[in-house]
Amino acid sequence: MTTEIENIRMVTAEDLFATLKTDFADYLNKKLDAAVAVEFARVYDIIDVSFPEIIAGVAFHIVVSEKEIILSTDNTIPANNSEALEEQLTDFLELNLN
């Protein structure tokens, strides 16, 4: 699965990482009426997103460039609710990039 989102505001990986760390877990848990743990790691322009209680390993990779943000996963065996997590992450990115 790969989703491309236009980077209209030219958000950097560093800025997006900070926004994800401070706001995404609250956004996700409010939308899902849940208490999901979310972890992030960043190396240069790549941000990894993990949901350790739900999916083993890295669930999603976000690659940030001046033109676009690419959300992808290499999970070949989808976990329960992975589609809901992907949808909420995509919605959050679109809200914060446009």
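What follows is calculated from the coordinates using simple rules that are stated; it is not laboratory data. Since we're looking at a predicted model, the values are computed, not measured. Neighbour counts are summed over all protein chains in view; Cβ atoms, including those assigned to glycine, are modelled from backbone coordinates with ideal geometry.
Counting only aspartates and glutamates at least 8 places from Lys30 when in the same chain, there are none with an alpha carbon closer than 12 Å to its own. Per-residue Karplus couplings for region 31-37, computed as 6.51 cos²θ - 1.76 cosθ + 1.60 with θ equal to phi - 60°, are listed in order as 5, 9, 6, 9, 9, 8, 7 Hz, Gly and Pro entered as x.
Once you have the Cα-Cα distance between Tyr44 and Asp91, take 0.36 nm times their residue separation minus that, and quote the gain in nm to one decimal.
That works out to 14.6 nm of additional length.
Spacing of the modelled spin labels on Glu4 and Ala35, each 7 Å from Cα toward Cβ, amounts to 4.1 nm.
The computed percent of Cα pairs over 15 Å apart for the structure shown corresponds, within (1) 72; (2) 57; (3) 75, to (2). In this simple spin-label model, placing a label point 7 Å from the Cα along the Cα-to-Cβ direction at both His61 and Ala18 gives a separation of 2.6 nm.
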